[in-house]
Structure formats: C-alpha cells, structure tokens
1. Filtering the stretch 48-80 down to residues that are small (Gly, Ala, Ser), within 14 Å of PHE22 (Cα to Cα) and surrounded by 15 or more Cβ atoms within 10 Å (Cβ to Cβ), which residue is modelled with the lowest pLDDT?
2. Are any residues in the stretch 56-104 touching a Ser or Thr at 6+ places or on another chain (Cβ under 8 Å), among the hydrophobic types (A, V, I, L, M, F, W, C) and over 21 Å from THR27 (Cα atoms), and if so, which ones?
3. Which one of the conditions (1) surrounded by 12 or more Cβ atoms within 10 Å (Cβ to Cβ); (2) within 30 Å of LEU36 (Cβ to Cβ) does GLN94 fail to meet, given that it meets all the rest?
4. For the stretch 81-198, please list each of the strands (runs of 3 or more DSSP E) lying entirely inside it that holds at least 2 residues being under 30 Å from PHE49 (Cβ atoms), touching a strand residue (DSSP E or B) at 6+ places or on another chain (Cβ under 9 Å) and modelled with pLDDT under 85.
5. Give the residues of the stretch 19-47 that are without any contact (Cβ under 8 Å) to a residue 24 or more places away in the chain and open to solvent by less than 60 Å² (accessible area, probe 1.4 Å), sorted by residue number.
6. Which of the residues that make up the stretch 14-43 are basic (Lys, Arg) and either farther than 26 Å from ARG146 by Cα or in contact with a strand residue (DSSP E or B) (Cβ under 6 Å, 6 or more places away or on another chain) (or both)?
Amino acid sequence: MDIFANIDTPLFTYVVLPLLIFFARITDQTIGTLRLIYSAKGFKYLAPFVGFFESLIWLTAISQIMQHLDNIYCYLAFAGGFAMGNFFGIYLEQKISIGVVLVRIVFQNYNLQLGSNLRLAGYGFTLFDGEGKDGAVKMLFSTINRRDLKSFLRIVQDINPNAFYTIEDVRQVKGNVFEKTKRGSIFSRSNPQNRKGA
C-alpha cells in the first residue's frame, strides 16, 4: 500500500519523497550500524530490539522505491542515506562509548607518579618488566570502561607525553573493579560484560 498514492505533484515526487527516503535510510542505517556493533560486543537483547526498528524503517523506504521505479532521485536518496547512516552510526557509537577496552602502555622510563595518579583516579592496572629494542622497559596493562578512556589517557600523557600505547576492545570482563563501578544505565544492565557470573 502506497501511503502517498493521492499525492502526485512534481514538488512531492522530485523533492519531498526523495528527502523522506533519504532521512529514512539515514535512520535505519544508523540503527543498523549500531546493531552490528552491539552484536559484536555481545548485547544479545539490545541488538534484536534495535534490529526490529531498522527493518521496519528499511521496508518503508524500499516500498517507496518500488512504487517510484522511474524516479532517479529516489535511487540517489536511498544510496545517499545509506552512506550517511553508516557515518552517523559510527559517530554515535563513539559518543555513547559502550564496552570495555584494554590499554597497553610501554615505558622506557617509567615514572612512579603515574601509578599513584592512576590509583587516585580509581583505575586498576598491572605492571610488568619487559625487554624492548633498546633495552629494559616497563609494560602497563589496564582494562577500563571505554567511556573513561580519554580521562585515563590524559593522566598518562600528563606524566609521559610520548608514551607508546595500544588500545583494543574487550568482549568480556569479570572482576570486582567492574562490579563496583557499574552504572545503572540501560546499556550497563543489558551489557553481558557487567553481569555477575558472566
């Protein structure tokens, strides 16, 4: 059923309808990008929930394409919305900062003040002795909530502005630090990393 069947003006056909399709595709693809990220992080309840709305919006947009196969502007709007939706999906995921990351830092000259500052800020870490290309090094490992990454790195860079570090996503974490610092958001409650016994 074409919900716009009774509207047949050039303005609607070549301007309004393509814009509606464009924004519908931005919305469904943004949701779709978030759904894929949630699935990869193990959000088995949240991912299907947002997937329902993704498919519903997609069906609405594609139905309008099928009703207007001779309108090239609808095709362009559909493809453009897909591209922009990917961008916005990744942007939103970065802003929401869901999940946990592992930070590895290598120091040629480790400063004990850094450890003190990290502890004062509530971050746990493990320190190892290592061997690098130019001799002995210290390696610091810390598993933190992704939303805290900027503040964590700010502490590190205040003491060691040239520190070498790598960051990677962690799929599952179990431990007292995360059980004590959980927040009561919908993301925390549905996050498999924050469940006892996970």
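The values are calculated or read from the model by the stated rules, or taken from the named source; none is laboratory data. Source: prediction; values computed, not measured. No Cβ is skipped: glycine too gets one built from the backbone with ideal geometry, and neighbour counts run over all protein chains shown. Protein only, heavy atoms only, side chains kept; ligands, DNA and RNA dropped before computing areas. Shrake-Rupley method; radii C 1.70, N 1.55, O 1.52, S 1.80 Å.
1. Here is the first cut: in the stretch 48-80, the ones small (Gly, Ala, Ser) are 51, 55, 61, 63, 77, 79-80.
Next cut, within 14 Å of PHE22 (Cα to Cα) only: 61, 63, 77, 79-80.
Pick out the ones that are also surrounded by 15 or more Cβ atoms within 10 Å (Cβ to Cβ) and you get 61, 77, 80.
Numbers: ALA61: 86, ALA77: 92, GLY80: 94.
Per the criteria, the residue is ALA61.
2. Selection gives VAL100, VAL101, LEU102, VAL103.
3. The one condition GLN94 does not meet is (1).
4. Details: elements: 100-107, 126-132, 135-145, 164-170.
Here the list reads 164-170.
5. Residues satisfying the conditions are SER39, ALA47.
6. Pass one, the stretch 14-43, residues basic (Lys, Arg): 25, 35, 41.
Passing the criteria: only ARG25.
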